[in-house]
1. Within segment 66-118, which residues are touching a Cys at 6+ places or on another chain (Cβ under 9 Å) and not aliphatic (A, V, I, L, M)?
2. Take residues that are charged (D, E, K, R) and surrounded by fewer than 15 Cβ atoms within 10 Å (Cβ to Cβ) and tell me which of the strands (runs of 3 or more DSSP E) falling wholly in segment 49-159 contain 1 or more.
3. Please specify each residue of segment 28-54 satisfying the condition of being more than 17 Å from F109 (Cα to Cα) and not small (G, A, S).
4. List, please: which pairs have Cβ atoms under 6 Å, are six or more places apart or on different chains, and start with a residue in segment 55-69 that is under 20 Å from N43 (Cβ atoms) and end with one that is assigned to a loop (DSSP other than H, G, I, E, B)?
5. If a residue must be closer than 15 Å to I58 by Cα and not in a loop (DSSP other than H, G, I, E, B), how many such residues does segment 1-24 contain?
Amino acid sequence: MALREIRVQGDPVLEKVCKEVKEITPRTQDLIDDMIETMYEANGVGLAAPQVGILKRIVVIDVGEGPIVMINPRIISTDGEQTGDEGCLSVPGKAGCVTRPNYVMARFFNEDMQECEIEGTELLARAICHELDHLDGHLYVEKVEGGLHDVTYEEEVEE
């Protein structure tokens with residue numbers, strides 16, 4: 001495993017739509033392993049492949065219950081709403097208020113290319129929405145209500 005460079009806002013790769021993954025190759029598995037390591041090293045809650053410069057529909061998320069690897073994910077239902085501070089490893093040192101669904105159900109493939117579903121509320125719902133936006137070339141800053149503010153490492157910021 002290796003740490004990957006996290007691309008920051010302004011990098012054109014973050015504005016591109018990612019391609020579906022057709023099969024898990026050793027190179028794809030290395031990418032997934034590297035993404036998990038990079039997310040943990042950066043103290044993130046989630047990381048999408050374009051954030052490390054790879055235009056594949058892969059995200060990794062860990063809200064404290066172990067890593068979730070989502071390949072070709074799509075949201076199939078949402079409910080409710082939550083509004084709160086959100087940050088992003090690709091927009092370092094900043095956060096902003098974003099409204100997201102409070103409940104999300106998503107369908108995706110795991111590392112064995114088996115179809116799975118996941119239901120999430122609160123932080124997990126926010127993380128799923130945030131990371132899936134990356135796969136379509138969108139950053140949370142497009143949804144911020146009222147503007148960005150500076151954050152320090154002492155503050156807890158969701159991704």
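Coordinate-derived values only; no laboratory data. Predicted model only: the values in this text are computed from it and were never measured. No Cβ is skipped: glycine too gets one built from the backbone with ideal geometry, and neighbour counts run over all protein chains shown.
1. Of everything in segment 66-118, those that are touching a Cys at 6+ places or on another chain (Cβ under 9 Å) and not aliphatic (A, V, I, L, M) turn out to be T78, T83, G84, D85, E86, K94, R100, P101, R107, F108, F109, N110.
2. Strands (runs of 3 or more DSSP E) meeting the threshold: 68-79, 115-121, 148-150.
3. Of everything in segment 28-54, those that are more than 17 Å from F109 (Cα to Cα) and not small (G, A, S) turn out to be D34, E37, T38, M39, Y40, E41, N43, V45, P50, Q51, V52, I54.
4. Cβ pairs passing all conditions: V60/P67; V63/V45; V69/E111.
5. 3
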